[in-house]
Each structure stands twice: as C-alpha cells, then as structure tokens.
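One structure is given here, and the rest of the page talks about it.
The values are calculated or read from the model by the stated rules, or taken from the named source; none is laboratory data. Only a predicted model underlies this, so the values are computations on that prediction, with no experimental measurement involved. Here Cβ is always computed from backbone atoms with ideal geometry, including for glycine, and neighbour counts include all displayed protein chains. The protein model used for the area step is the full one, side chains on, heavy atoms only, and it has no ligands, DNA or RNA in it. Shrake-Rupley method; radii C 1.70, N 1.55, O 1.52, S 1.80 Å.
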Amino acid sequence: FAHVARLSAECPAPGMPSAWLLSVFAAVLCCVALVVVQVFREAPNSIAAFQHGDQLPVSSQDALAGSQVGGEGRGGGEASVASPGHRAAINALRAGDYARARAELEGCGQEDGGCFGLLAQMHLIGAGMPRNLSEAMRLLRSGADLGDADAQYALGALYANTLVGGEDGGGMQRQEALSVLYLYAASVAGHTGAQMAMGYRYSQGYGVAKSCSTAALNYIEVARQVAEIYSSGMPQAVELVRLGVDGKDKKAMSASEVSLFVEIAASGDPNIAAAVGKRYLLGIEGFRQSYQKAAQHLQVAAEKNHAGALGLLGYMHCLGLGVAKNLDIAYSYFVAATQQNDPLGHNGLAYIYFHGTPSQPQDLGSAFKHFNASAHGGSADGMFNLASLYLTATGVEQSFQKATLWYTQALDRGHTPAAYALAVMHLNGIGTVRNCKIAVDLLKRVCERGMWVAQKLQEAYDLHAEGHGDAAAWLFLRLAEAGHEVAQMNLAHVLDSGASQLLHPTAPAVDGTDSPTRLVGGAAAEGEGEAQRAFGRVTAQRHYELSAEQGNALSELRLGDYAYFGWGLRTDTGASREEAPLLGSSDGQDVDDSRDAPLDFHLVRQEVDYALALARYRRTASMKVTGEWMQPFVARASFNLAYMYQFGIGMAPDLALARRHYHRCADLDPSGVQTPVMMMMAVNSLQSAMAELPSMESIGQALAQDLRAHGLVLLCLATGALLWLRRRFPTAATLQQQRPRAPPPGPAAAGAPVVAAASPTTSAASPAVAAASPPSESQLRERRHTEPPE
C-alpha cells in the first residue's frame with residue numbers, strides 16, 4: 001500500500017486528493033480486507049456443513065469413565081501429555097476397577113495436577129468411595145495449584161454453587177470471587193468450558209462487570225474452532241433432551257422402529273433406503289453413526305437413481321467418509337444428482353469447480369452458478385457458500401448486503417458456520433450495523449454446538465438413564481456453568497427432584513444413615529427426607545434462575561412456585577443504594593457502573609411472596625411457544641394466574657380476567673388434562689352469577705318501599721300473635737283432662753246378675769247401680785271423644 005501511495009504522488013491526476021489521503025484510504029481498505037480474508041479464508045470449504053437444528057456433534061466415549069470421569073481430559077484446550085499413572089487410572093476406571101484407579105491417582109498426584117482433579121471427581125460423585133464434597137474441593141485446590149486447567153474449572157464451578165456462612169440461621173453467601181478467579185485462570189490456559197463460562201459471565205454481568213466486547217473475546221476462539229469442524233466434516237448429532245418433560249419433542253426412534261425401517265430399506269425401497277442412509281451418515285433419530293451402513297443403504301437408493309442418495313454419496317467420496325477420498329468419483333455422483341436438480345448435488349458440484357481437480361480445472365463462474373442454484377433450491381450449505389462468494393468477491397461482484405442476506409437464510413436453517421460468519425460481521429460492522437449483543441448471542445450458539453458440549457451432554461444423558469444421578473449432575477453442572485440453557489434446566493431438575501445430592505455439604509455414610517443437620521438459612525425441617533428435599537430446592541434455585549433468564553418456561557414456572565410456597569433463598573443486600581438483583585441485566589452493552597461492583601449481600605430464607613409469584617406466572621404465561629415441550633408449562637402458568645385472580649390471592653379478585661386465563665390454558669394445551677380447568681370455570685361462572693345479584697342493602701330498600709311487603713309483614717305478625725295466644729291460654733279439653741276423675745265402681749258380687757246400663761228394657765236396677773248417680777253432660781261429652789266408635 002505504500003507503493004500505491006507513492007505512484008499516486010508521482011502521477012497525480014487533476015483534482016485528485018493528496019497522497020496522504022490516499023494512503024489513509026488505502027490503509028482502511030487494507031484493514032477491512034485483512035479482516036474479511038482472515039475470518040472467511042475457509043468459507044467456501046463448507047460443503048459438508050450439515051446442520052440439524054438443536055442437534056449437536058459428539059464423539060463416542062465411555063460414558064462412565066470418559067477422559068476424566070466426565071471431564072475434558074487434559075485442560076479442554078491444547079492437549080498436554082498425561083502422566084503414566086493418569087493414563088493407567090483412566091483405563092482402570094473404564095474397566096470399573098475403582099480401587100486400582102484410586103491407588104494410581106494417589107501415586108501420581110504430586111507430579112500431575114490432573115491426577116488430583118480426577119481423584120477429586122471420584123470423591124465428588126462417590127465412585128468406589130463415600131461421597132465427600134469437602135475432600136473433593138481440597139483435592140481440586142491441589143490440582144489447581146499445580147496448574148491443571150480442568151481442576152481450575154471444576155473448582156470455579158463448585159465455588160459458584162456452594163454456600164458458606166449461615167451459622168445460627170444467619171445469611172449465607174456464594175463464593176463468587178473465588179469462582180471467577182479459578183474460571184479466569186482456566187480460560188487463560190485455553191480451557192474450552194472456562195472460556196465459555198467467562199464469556200457467559202461477561203455477557204450477563206454475573207460476578208463481573210458486564211462487558212460485551214470481553215464476552216466476545218472469550219467466545220470467538222472457541223466458536224472459530226467449532227465452525228472449522230462443521231466446515232470440514234459431518235459430525236454426529238445428539239438430541240437435546242430436557243429432563244422433567246414428557247418427551248413430546250423427542251425425535252429418536254425406538255430400536256424396534258429402527259429395525260423396521262432397516263428391513264424396509266433392505267427390501268429395495270429407494271426413498272426409505274435414502275432416508276436410512278442419511279440418518280446413519282449423520283447419526284440422528286436413534287441411528288448410531290456408521291459410514292459403512294450409510295454407504296450401503298445410499299448405494300441401494302443410488303442404483304435406482306435417487307437424487308438425494310447420489311448427492312450424499314458424492315459428499316462421502318469428496319470428504320473420504322467411510323470410503324477412500326476421490327474427487328473424480330464424487331464429481332460423477334454430483335453430476336448425476338444435478339441432472340435431477342438436487343440442491344445438494346449443485347452444492348457439491350460447485351465445490352468441485354471452486355477448488356478444481358486434476359481432471360476438472362478450476363472454474364469460479366461455474367462454481368457461482370451451481371452455488372446459486374443450490375441456495376435457491378433450499379440448501380443451507382449452498383446459501384452459506386454463495387454468501388461467502390459475495391463477501392469475498394470470488395467469481396462475482398462483492399456485495400456485503402447479499403452476503404448478509406444469504407448468511408441469515410442459512411442461519412434460519414440451523415447452519416453453524418453461518419452463525420459464526422454473521423457474528424463476526426455484526427462484531428465488526430461488515431455489511432450490517434455493528435451490534436455486539438447479537439454477535440455474542442450468535443457466538444454463544446456456535447460454541448454450544450461444539451464437541452466439548454456435545455460430549456458432556458451425551459455422557460450425562462447416558463449416566464442419568466443408568467441411574468447415576470450424582471455423576472450426571474456433575475456433568476450438567478460443568479455445562480451449566482458455561483451458560484448452556486438445557487444443562488441448567490436439567491441440573492435444576494435433578495437437584496430439585498432429589499435424584500442427586502451432589503452439592504450437599506455432608507457426605508452420607510456408606511450405610512446411608514448420615515443426614516443433613518439443618519436447612520440452609522432457616523429452621524430445621526421435620527425428617528431427613530424433608531431436609532434433603534429442602535436443600536435440593538436451594539441448590540436448584542440458582543440454575544432455575546439462570547435458565548429462566550434465557551427464556552426457559554419450566555424454570556420460570558418453577559420459580560413462581562418457589563415464591564408462592566416460600567421455598568429457596570432470596571437476596572438481602574443490606575446496602576443503602578438500590579438493591580441489585582441476584583442475576584445480571586440483559587441489555588448486552590458495555591457499562592461502567594458502580595452498581596456492577598460486588599455488593600455486600602447475603603442470602604436469607606425466602607418467605608411467601610404472592611406478588612413475586614404473580615410476576616413469575618405472568619411472565620411464563622406471556623411466553624411465545626417455540627416448541628411443543630413448552631405447551632404444558634405455559635398452560636400451567638395461565639391456570640395458576642387464573643386461580644390467583646379468581647380468589648384474589650395477592651391482588652383484588654378479577655373473575656373476568658381469571659376466566660380469560662382459564663380459556664387460554666385450555667387452548668394452549670388441548671391434549672392436557674382438562675377436567676380441573678372445566679371445574680374451575682364452572683366455579684368461576686357460579687361466582688360471577690352470585691356477584692351479579694343485588695346487595696342486601698338494595699334489597700332492603702326495595703322492600704321498604706313496597707306496600708305488599710308491608711302487608712305480608714303484618715300478616716306474619718298476626719299469625720305469630722295467634723299462635724302465641726293459643727299456647728298461652730289452654731282449651732277446655734285441656735282443663736278437663738287436668739281435673740281428677742272419680743274412681744270406678746267396685747266389682748259385682750259373685751252370682752249377681754250383670755245389668756247393662758245402656759239397655760232401655762231394664763225395669764229394675766240393682767242396689768249398687770241405683771245408688772250411683774247418672775253421668776254428667778261433660779262426662780258424656782268426654783266419653784264420646786275417648787271411646788272408639790262401634
């Protein structure tokens with residue numbers, strides 16, 4: 001560029017700016033060009049960058065042993081040489097010989113910090129020994145002091161999730177300063193997880209001052225390595241499994257379904273054979289990645305001229321996946337696929353023309369033509385490669401706007417290298433407005449598709465399925481500290497449900513008789529089980545908060561339950577200035593505010609807070625459903641909101657708003673349980689009907705003005721008076737009954753004739769009868785009433 005400036009000064013044209021202006025302009029162009037070339041020097045090599053949305057690449061390893069019982073191996077960055085004792089311990093762990101592994105690690109600890117780290121993880125998860133958190137942290141400190149990056153990262157993650165203090169029920173604190181210290185040391189050593197963790201913390205302001213540019217610097221190197229892997233091969237995919245969800249989004253097939261499709265493919269159906277071959281090639285939906293099986297099924301479909309199978313076979317020969325690398329054979333497959341206008345075939349043929357082969361010279365014009373056809377056909381790889389040509393002005397006129405457009409189209413289809421390219425463009429303002437927050441979000445997404453994350457996820461899923469709760473929780477914890485939202489949710493679920501006691505401060509005895517002595521920050525619970533459950537909620541709360549900040553509906557709903565029932569902890573700063581939240585804000589811009597400095601805060605027991613619960617439920621209910629797994633949780637939040645509005649819990653009752661939320665609950669999850677919703681809607685309708693009735697005061701005023709009501713009252717009073725008088729004055733019959741009755745006459749003498757008193761023919765009466773007086777009128781009337789008729 002100095003030569004360009006010199007020529008301009010020697011031969012100035014009329015009206016041309018001075019040489020120094022041209023030098024500045026040339027230098028600016030040089031900087032932009034260098035950035036573009038450096039960032040996208042591998043751009044057209046993305047032929048094999050197959051993407052699978054939320055699926056991640058993974059390398060198969062033993063789930064229990066791994067390289068460090070679920071660790072990164074030697075630091076997570078550049079590999080260092082492990083000691084013989086460390087390698088022997090790993091082999092013993094894979095063989096299930098914990099005693100020999102422990103002996104090897106205790107012997108090599110003084111010369112290899114990784115031995116301390118691996119032994120600490122055995123103590124932490126209880127691998128062949130009682131679980132002991134304090135001993136694990138002591139060993140990790142020893143390994144960290146020897147410079148082992150993996151031990152430093154593990155120690156930083158544990159410091160961020162353990163609580164200190166709380167004597168006599170007082171407040172507790174997290175050791176954020178020590179956590180940041182060890183995470184920073186591990187990130188400087190090139191540890192992948194630590195670099196992601198520091199990028200996550202700087203982007204959100206967790207324990208450090210928020211700085212978007214610093215977050216980008218931590219993310220970008222990891223993201224570049226991941227993008228290169230995706231641009232040069234076909235990594236296996238692993239499904240993102242959310243624990244605690246009923247599995248509606250799970251796409252993996254069962255073993256019987258896989259066998260059925262394989263049998264159909266073997267029968268010669270080209271469509272099924274091509275589909276099975278593609279799944280074996282990528283390792284998705286229950287099919288274990290196998291290049292040999294993929295080639296076998298794709299060849300069956302290709303023999304019947306299946307376009308998709310021809311394109312995929314071309315990829316395998318082009319990249320040497322399971323077959324010998326041969327660009328000429330790949331070229332023939334790509335040509336056959338393009339004859340049927342297959343987008344993958346167009347992309348592969350363009351790749352051949354772009355690089356050239358011994359039999360096919362380089363032809364950038366044809367490369368652009370076929371990349372363009374592939375992009376318009378819907379291929380994410382073709383879109384990415386076409387955008388790269390526009391960006392670097394290769395075979396076409398340079399256009400940053402078109403490059404941004406096609407990168408965005410590829411990103412919408414889950415293309416990982418496209419996400420990295422757009423992140424760099426947003427970070428440097430190339431073809432778009434400079435936006436650091438968008439760049440950091442894209443870089444984080446790329447990093448989470450890397451092998452480090454995928455390996456931990458797959459191992460954690462396998463361990464959880466096998467019932468190793470503590471080992472699975474430890475892997476989820478390492479990923480959660482790096483900002484992985486699914487891992488944060490899974491870790492919170494495992495701790496909250498009691499499936500793991502990983503972070504419990506006391507180590508249970510071998511016979512399981514040891515128990516927690518108290519709850520965190522509060523009164524003791526009744527019984528060992530309740531104490532463990534309460535501590536599990538406390539340890540899970542932080543990760544519910546972290547995942548909720550990233551838009552997780554289940555975590556947000558669970559935090560609403562925490563506030564409603566008074567579970568977990570809350571922040572008590574005790575500071576005079578505005579109280580800072582436990583979690584950082586989310587605007588993503590660089591700030592220099594004194595409030596970002598660590599406050600003298602502590603955590604105390606959370607009381608019932610209906611206002612906070614209402615805010616959490618409202619936030620969950622307003623979330624946009626982006627996956628089927630979210631439906632029941634958003635619906636449940638709507639139900640909780642409706643219940644609180646209906647009965648006035650935490651606010652004034654609002655039956656109309658409650659009815660609206662009940663209807664939204666039923667609409668969001670029509671396949672869920674509808675009976676409680678219908679019952680509460682019926683109660684709501686009854687309450688609404690009763691609320692529409694006039695008040696007692698208005699009813700009284702209306703009756704007071706109605707003469708009919710007056711007459712009715714008088715009639716009631718008269719009736720009552722008559723009844724009272726009847727009870728007050730007795731009748732004549734009652735008086736007669738109360739008089740003493742004359743004794744009956746004595747019995748007649750033996751042999752005396754019996755005289756019928758009622759016989760009219762009797763002419764003479766016996767002396768006894770004659771002596772008796774005739775009955776009075778009242779006696780006759782009483783006799784008629786008492787004697788039964790004949």
Calculated FRET efficiency, Q340 and L657, Cβ-Cβ r, R0 60 Å, to nearest 0.05?
-> 0.55
Take the alpha carbon gyration tensor of the range 177-219, find the square roots of its eigenvalues, order them as a ≥ b ≥ c, and report rounded if a/c is under 1.5; if not, report prolate when a/b exceeds b/c, else oblate.
-> oblate
Too long for a 21 Å Cα-Cα cut-off, among K402/K444; K210/K444; K304/K325; K369/K402, are K402/K444; K304/K325
So, by mean Cβ neighbours within 10 angstrom, what's the order for 200-213, 356-369 with the highest one leading?
-> 200-213, 356-369
Would you work out the charge dipole size for the range 446-504 about its Cα centre, treating the Cβ of every Lys and Arg as +1 and the Cβ of every Asp and Glu as -1, and quote it to the nearest 20 debye?
-> 120
Please list V241, V446 in order of solvent-accessible area, largest first, computed with a 1.4 Å probe with all protein chains present.
-> V241, V446
Considering only DSSP states other than H, G, I, E and B, which GluC sites (Glu not before Pro) in the range 425-492 qualify as loop sites with at most 14 other Cβ atoms within 10 Å?
-> E466
Normalised contact order of the range 456-495, rounded percent, pairs of Cα under 8 Å and 6 or more residues apart = 34
Quick one: grab the alpha carbon gyration tensor of the range 82-191, order the square roots of its eigenvalues as a ≥ b ≥ c, and give me rounded if a/c is under 1.5, else prolate or oblate depending on whether a/b is larger than b/c.
-> oblate
Going through the range 282-323, which trypsin sites (Lys or Arg not before Pro) have at most 12 other Cβ atoms within 10 Å and a DSSP loop state?
-> R288
